[in-house]
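Structure first, commentary second.
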Amino acid sequence: MLDKKILKIVQKMLPPISKTELEALEAGDVGFEGDFFSGKVDWKKLLDMPEPKLTEEEQAFLDGPTQELCDMLNAWEINNSAKDSADGMGDLPDEVWDFMKRNKFLGMVVPKEYDGLGFTALGHSAVVMKIASRSVTAAVTVMVPNSLGPAELIHEYGTQEQKDYYLPRLANGLEIPCFALTGPDNGSDAGAMPDTGVVCKNDKGEIGIKMNWSKRYITLGPVATLIGVAFDMKDPDGLLGDKKEIGITAALIPRETPGVEIGDRHRPMGIPFQNGPNYGHDVFIPLDKIIGGQEMAGQGWKMLMESLSVGRSVSLPSMSVACGKLSTRLTGAYARIRRQFNLPIGKFEGIEEPLARIAGKTYMIDAAMKNTLQMVDQGQKPDIPSAILKYHTTESMRTAVNDAMDIHGGKAIIDGPRNLFQDIYKGIPVGITVEGANIMTRNLIIFGKGIFSSHPNILPIYKAASSGDAKECSKETFKMIANVLLNKGRSFFFGLTNGRGSHVPVDDKDMAKYYRQINRLSASFNFSSAMALAHLGGGLKRKERVSARLGDVLSNLYMASMVLKKFENQGRQKEDLPLAKWAAEQALHDAEVALHDLIDNYPNKFFASVMKIIVFPRSLLPFSARYANKAPSDVLDRQVVQSVMEAGGARDRLTDGIYLTDREGEQIAILEDAFNKVIAAEPLEAKIKSAVKKGELDSSSLADAVKANIITQDEADMIEIANAARDEVVKVDSFPSKNSNYSNGKPKKAKSVKVKAVASK
Ligand SMILES: Cc1cc2nc3c(=O)[nH]c(=O)nc-3n(C[C@H](O)[C@H](O)[C@H](O)COP(=O)(O)OP(=O)(O)OC[C@H]3O[C@@H](n4cnc5c(N)ncnc54)[C@H](O)[C@@H]3O)c2cc1C
């Protein structure tokens, strides 16, 4: 009797879920984020996970062909290649395409048995990251065939025949793939595609599918030879069986198939990677063109969602981490080299704030990406963590690049070969928009999907309720209530003690408080989620700001945990402590702010008051601070900035994996060279300054300082050399115009400077 009552209540509360939504919910695995939904973190599970490490073969590929590819790339020339390219739209040079194909850059995820490189997710990511730090166009070009697309789908779901034929061709670049899901009427709501495939017979009486589609924004589409197309399959005449609405299906369409219209190009932010629309008009394909053959007809959405949970962990996070690392390395050096008011600009408090943010966020996203990739390499398909990664890495990239540009001032604005920011700046919105725009990822997916797919009880309750299994439904409901009551107590108690009394798995005094806060906020997250669900039920889907804030709590707890894991992985490096503390404090502060905002704005006063008492019991006490987790302090900001303005150590570990070179004339080499020379000259300049202060010297002239034996001639030369190197870094490009009066009216090339440069490792 009670079981039936519970079943009725639950059936009323839960939202209706469509078939595609259910498939999406069931796709992928529950990862570490599941611990936050259950309210208790299993630290042992996280800390026992091995450190992410590249194989020797992957490292050799990075040091060999990837370095060589990066040497061939020049973002400035690529972004200005339109005038020299056949279609006037720009492209990578032919020799770069050939090199990438020959060295299997397009087949990194294809297993070795099919002639691919068979790289791990970490290895694949490391290659994309290094290329992205050199050219966004090249990175996107390499990303797509290795991400969600034909190769991965054929490998996971294809028939043996499809694997044998296509995988070696894809690995060797004999086929260029693309995957077409998005259309004018299905962007964020990708499953709502109007593109159809109707089962029918052709003139010869063979059964196949007649397809019609209209797709846009398809990366590599204009040059693709093999088009993966997602469409809604129907069998109105029952040629395959009783089912008339078969559902979303993925098929492989060779470019030359009659009725395919392809080749036009979009211009995404003026970055010339290949992207464009394509159309199908009554395209007839045999059934064996369905990925996985006839038996996978209608399984397309599940296939896509499962593949997305892996691909989404690699491509855009790798590009974003590359931008964060490049911004950190360039800006840390520039802040030391560039002087205003007689001081390196990094010494100003105003610069400390954004520079600490660049470095701290980069530490955070690098930690989250590498540890999530380790989970992928252990065989998981971490669906919600991959959405968290996509959102946080691309947003942090936006912050880091914007901050870096502010610090560089005009140097980052003036276009030309000396500007290393133009390419990545244009790439920001591309990274944010693709694979579903971030607003939706934050408002709808991270918590909205996570509560169903990663919560230990909700999906079992939903399944039992929809199948009318009253016993199972009440069993799971009671399990959930017991868990929520337990977390209610934990949240209240830890709220009072500030996490004291909860389990800390390490004996590291500096970091213990962060483990405690994650324990506390996990219990609070579990309780607040349950309250929102109890109050809003299926309506939670429409209350996107509630969902977004709970998602922010979840994702920031995930990011903070990954930071702690990275710090442990790297052997608790003392020099990295400020970075790890900054990243943990920022994530925990953001999680707590999200909880406060949730309660302050909650659409029901009663539920808000209950949450406030349980989650923030200290708010009932007099003189209690609003936030237990404060944002990183000014002192911590300064320590972080110092670590990225020094050569070696923390700076090298943080920016590890981006493209560095000592090739003559390369901007990054010129900057690194100046950085080292400026650091070497600083103590000598300090000697002169001190002598002037003491009255031993009248001026800071080098000649006088040598004469007065304050410094030697060699040391004076070192200062001169450092000043020349600094001047070189500060330069920007200028181009002759019709108004130029110092080039005899003749067009002059932009000045490019050759300087012997030495890059530090
Ligand atoms: C350069 C580039 C390359 C791409 N490559 C490919 C590719 O190779 N293959 C492919 O299939 N697709 C590709 N895409 C498509 C990409 O995934 C879509 O652009 C993306 O999913 C968003 O769709 P849309 O642009 O139509 O935005 P819309 O769906 O129109 O969304 C507009 C805004 O509304 C928001 N929004 C929508 N619904 C909600 C909601 N319920 N709640 C809150 N906010 C909401 C979105 O977040 C967004 O901010 C690419 C796109 C670009 C720009």
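The values are calculated or read from the model by the stated rules, or taken from the named source; none is laboratory data. The shown structure was predicted, so the numbers you read here are calculated from the model rather than taken from an experiment. Note that each Cβ is placed from the backbone with ideal geometry, even for glycine, and that neighbours are counted across all protein chains shown.
The single residue among Ala224, Ala190 that is under 28 Å from the mean Cα position of the chain (by Cα), closer than 19 Å to Glu306 by Cα and within 16 Å of the ligand (Cβ to nearest atom) turns out to be Ala190.
Only one entry in Ala387, Ala368, Ala356 is crowded, with 24+ Cβ neighbours inside 10 Å and over 28 Å from His455 (Cα atoms), namely Ala356. Per this entry, Gly208 is counted among residues that are at pLDDT 95 or above, in contact with a helix residue (DSSP H, G or I) (Cβ under 8 Å, 6 or more places away or on another chain) and either in the same structural domain as Ala190 (by TED's automatic domain parsing) or closer than 30 Å to Asn79 by Cβ (or both).
A single entry from Ala523, Ala591, Ala583 fulfils the requirement of being under 28 Å from Met645 (Cα atoms), small (Gly, Ala, Ser), modelled with pLDDT of 95 or more and buried (at least 24 other Cβ atoms within 10 Å of the Cβ): Ala583. Just one of the listed residues (Gly173, Gly241) is assigned to a loop (DSSP other than H, G, I, E, B), assigned by TED's automatic domain parsing to the domain that holds Gly107, more than 11 Å from the ligand (Cβ to nearest atom) and surrounded by fewer than 23 Cβ atoms within 10 Å (Cβ to Cβ), and it is Gly173. Looking at segment 292-315, is at least one residue charged (D, E, K, R), surrounded by fewer than 19 Cβ atoms within 10 Å (Cβ to Cβ) and in contact with a Pro (Cβ under 6 Å, 6 or more places away or on another chain)? No, every residue in segment 292-315 fails to be charged (D, E, K, R), surrounded by fewer than 19 Cβ atoms within 10 Å (Cβ to Cβ) and in contact with a Pro (Cβ under 6 Å, 6 or more places away or on another chain). The residue that is nearest to the ligand (Cβ to nearest atom), counting only those in segment 418-464 that are in a helix (DSSP H, G or I) and charged (D, E, K, R), is Arg442.
Considering segment 662-691, the residues that are crowded, with 16+ Cβ neighbours inside 10 Å and among the polar types (S, T, N, Q) include one that is farthest from Phe61 (Cα to Cα), namely Asn676. If you go through segment 261-282 and keep only what is assigned to a loop (DSSP other than H, G, I, E, B) and away from the ligand (no atom under 15 Å from the Cβ), you end up with just Gly263.
If you filter segment 507-516 down to residues that are closer than 13 Å to Trp43 by Cβ and in contact (Cβ under 8 Å) with a residue 60 or more places away in the chain, you find that the one that is surrounded by the fewest Cβ atoms within 10 Å (Cβ to Cβ) is Asp508. From the list Ala608, Ala560, Ala631, which residue is crowded, with 20+ Cβ neighbours inside 10 Å and modelled with pLDDT of 95 or more? After ruling out the rest, the residue left standing is Ala560.
Scanning for something in contact (Cβ under 8 Å) with a residue 60 or more places away in the chain, over 30 Å from Phe179 (Cα atoms) and surrounded by fewer than 21 Cβ atoms within 10 Å (Cβ to Cβ), does segment 430-441 turn up at least one residue? The answer is no, given that none of the residues of segment 430-441 is in contact (Cβ under 8 Å) with a residue 60 or more places away in the chain, over 30 Å from Phe179 (Cα atoms) and surrounded by fewer than 21 Cβ atoms within 10 Å (Cβ to Cβ).
Which one of these does Gly350 not meet: (1) of a type outside the set (Val, Ile, Thr); (2) more than 16 Å from the ligand (Cβ to nearest atom); (3) outside any helix (DSSP H, G or I)? Going through the list (1) of a type outside the set (Val, Ile, Thr); (2) more than 16 Å from the ligand (Cβ to nearest atom); (3) outside any helix (DSSP H, G or I), Gly350 breaks only (3).
Of all residues in segment 137-151, those being part of a helix (DSSP H, G or I) and either more than 13 Å from the ligand (Cβ to nearest atom) or more than 20 Å from Lys289 (Cβ to Cβ) (or both) number 10. Of all residues in segment 397-417, those that are in a helix (DSSP H, G or I) and more than 16 Å from the ligand (Cβ to nearest atom) total 14.
Within segment 124-165, being in contact with an Asp or Glu (Cβ under 8 Å, 6 or more places away or on another chain), more than 24 Å from Pro268 (Cα to Cα) and either aliphatic (A, V, I, L, M) or buried (at least 24 other Cβ atoms within 10 Å of the Cβ) (or both) holds for one residue alone: Ala126.
With a requirement of 3 or more residues that are among the β-branched types (Val, Ile, Thr), the helices (runs of 4 or more DSSP H) lying completely within segment 1-119 that satisfy it span 2-13. Among residues of segment 201-216 being over 28 Å from Gly436 (Cβ atoms) and crowded, with 17+ Cβ neighbours inside 10 Å, the one that is farthest from the ligand (Cβ to nearest atom) is Gly208. Flag: Pro258 does not match the condition of being of a type outside the set (Asp, Glu), within 16 Å of the ligand (Cβ to nearest atom) and under 30 Å from Met89 (Cα atoms).
Restricting to segment 649-676, name every residue that is over 17 Å from Tyr334 (Cβ atoms) and either in contact with a Pro (Cβ under 6 Å, 6 or more places away or on another chain) or assigned to a loop (DSSP other than H, G, I, E, B) (or both). Selection gives Asp656, Gly657, Tyr659, Thr661, Asp662, Arg663, Glu664, Gly665.
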